[in-house]
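One structure is given here, and the rest of the page talks about it.
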Amino acid sequence: MIESEERDLQAMVEDFFRYRFSTDNALITEAVNRMLRAGGKRIRPRFTLLAAQAMGDDPESHLPLAAYMELIHVATLIHDDVVDGARTRRGVNATAVDFGNRVSVLAGDYLFAWIFRNVTKNYPHPIPMILAQTLADITDGEVLQLRSLGDLETTMDAYRATVGKKTASLFAASAEVGAIMGGGAPVMVDAVKAFAYHYGIAFQMLDDLLDVTATEAELGKPVANDLRERKMTLPLLVALDRGGARLRGEVARCFSSGSDPDAAHRVIDAMRACGALEAAREIVRRESQRALDCLAPLADTPAKASFAAFAKALTVDR
């Protein structure tokens, strides 16, 4: 039953984008639609709809708001691919490859402005303020990540702060606005917001882990991309804490070697040898459980069960 209801919610989102999404600029609409057609889990808009449903409201009436949350995510991906110089996204060309960096940056900027125009026009306080703060947090998180590139002294607390802003904040906002517009009491709104925040932390931690354990086909992008970009990720931080001077030296050589694939794979082998990958999986499990614990104030409904299923899926060994 839960899987069927989840497919229905995702189908609602996909139909909205297929039949109802357009902007006033044809080129930007096409650039965004290419990204949407490339796929994606649509977790953020589903969180908006599930949160409204958990409050006892009809999720379908909140489809436009749910779509805006996904479009914020899409705009950040378009910008990320320009910043990172990425060639692929979800197994297809990154937007910048097909449209160039200038159009891509402008497409992301336009999309943000288009979203906020519609949200400000159609939704009451505090919805526009939540989205504005979330966008500020995402940008701040990206800057924090850029400043930490290659910094082997990065702490786990600094990592969590970065992930909380650049990834978890949008999950949290997606659930929060759905719960507010669904008429939820403050304690219920806070519960789904906290769940989504900790889910977002665990989601990014797992994404970091998959970068060094999954295949390129599974990722839709090159394996060990984070290492080549010198990002300080969960498995790397755990490995630096456990692996001693030898592993630290291997990481430093990897970071100074440019795009040498052998250097990245030597680091991954060292991560595995010191137990860092399994230790990182356990951290993901604990964070997922923190998310599940936040659901306690909610009544036992299919929406709550669906939220729980999202968190539990993060702990399945890949």
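Within the range 186-203, residues that are among the basic types (Lys, Arg) have Cβ atoms under 6 Å from residues that are surrounded by 24 or more Cβ atoms within 10 Å (Cβ to Cβ) in these pairs: LYS193/ALA172; LYS193/ALA175; LYS193/GLU176, counting only partners at least 6 apart in sequence or on another chain. Would you check if PRO45 is in contact with an Asp or Glu (Cβ under 6 Å, 6 or more places away or on another chain), surrounded by 20 or more Cβ atoms within 10 Å (Cβ to Cβ) and of a type outside the set (Val, Ile, Thr)? Judged against the criteria, PRO45 is a match. Residues of the range 163-179 being out of contact with any Ser or Thr (no Cβ under 7 Å at 6 or more places or on another chain) and more than 22 Å from ASP300 (Cβ to Cβ), which ones? Within the range 163-179, VAL163, GLY164, LYS165, LYS166, THR167, ALA168, PHE171, ALA172 qualify. Scanning the range 171-186 for residues that are within 26 Å of GLY244 (Cα to Cα), part of a helix (DSSP H, G or I) and not basic (Lys, Arg) turns up nothing. Output the residues belonging to the range 147-165 that are in a helix (DSSP H, G or I) and in contact with a helix residue (DSSP H, G or I) (Cβ under 8 Å, 6 or more places away or on another chain). Answer for the range 147-165, where residues must be in a helix (DSSP H, G or I) and in contact with a helix residue (DSSP H, G or I) (Cβ under 8 Å, 6 or more places away or on another chain): SER148, MET156, ALA158, TYR159, ARG160, ALA161, THR162, VAL163, GLY164, LYS165. Among the candidates ALA239, ALA252, ALA245, single out the residue that is crowded, with 19+ Cβ neighbours inside 10 Å and not charged (D, E, K, R). Just a single option satisfies the conditions, and that option is ALA239.
Scanning the range 110-127 for residues that are in contact (Cβ under 8 Å) with a residue 12 or more places away in the chain, over 18 Å from VAL74 (Cα atoms) and not hydrophobic (A, V, I, L, M, F, W, C) yields ASN122, TYR123, PRO126.
Among the residues of the range 278-318, those that are among the hydrophobic types (A, V, I, L, M, F, W, C), surrounded by 17 or more Cβ atoms within 10 Å (Cβ to Cβ) and within 17 Å of the chain's Cα centre (by Cα) comprise VAL284, ALA291, PHE307, PHE310, ALA311, LEU314.
Pairs linking a residue in the range 261-283 that is touching a residue at least 60 places away in the same chain (Cβ under 8 Å) to a residue that is surrounded by fewer than 21 Cβ atoms within 10 Å (Cβ to Cβ) and among the small types (Gly, Ala, Ser), with Cβ atoms under 9 Å and 6 or more positions apart or on different chains, do not occur. Check whether at least one residue in the range 215-231 is in contact with an Asp or Glu (Cβ under 6 Å, 6 or more places away or on another chain), at pLDDT 95 or above, closer than 22 Å to ARG89 by Cβ and not hydrophobic (A, V, I, L, M, F, W, C), and report yes or no. The answer is no; no qualifying residue exists.
A Cβ distance below 8 Å, combined with a sequence gap of six or more or placement on separate chains, defines the contacts here; from the range 44-68, residues that are farther than 10 Å from VAL177 by Cβ reach residues that are among the aromatic types (Phe, Trp, Tyr) and modelled with pLDDT of 95 or more in the pairs ARG44/PHE171; LEU50/PHE307; ALA54/PHE307.
Taking the conditions exactly as written (aliphatic (A, V, I, L, M) and in contact (Cβ under 8 Å) with a residue 60 or more places away in the chain), does LEU144 satisfy them or not? No; evaluated as a whole, the condition is false for this residue.
If I filter the range 95-109 for residues that are without any contact (Cβ under 8 Å) to a residue 60 or more places away in the chain, surrounded by 19 or more Cβ atoms within 10 Å (Cβ to Cβ) and within 20 Å of ALA26 (Cβ to Cβ), do I get at least one hit? The answer is yes; a qualifying residue exists.
Within the range 120-146, the set of residues being touching a Phe, Trp or Tyr at 6+ places or on another chain (Cβ under 8 Å) and surrounded by fewer than 20 Cβ atoms within 10 Å (Cβ to Cβ) comprises PRO128, ALA132, LEU135.
In the range 5-108, counting only helices (runs of 4 or more DSSP H) that sit wholly within it, the ones holding 2 or more residues that are out of contact with any Phe, Trp or Tyr (no Cβ under 8 Å at 6 or more places or on another chain) and of a type in the set (D, E, K, R) span 26-37, 63-84.
The values are calculated or read from the model by the stated rules, or taken from the named source; none is laboratory data. Owing to the predicted nature of the structure, the values given are computational and were not obtained by experimental measurement. Here the Cβ is made from the backbone with ideal geometry for all residues, glycine too, and neighbour counts use every protein chain on show.
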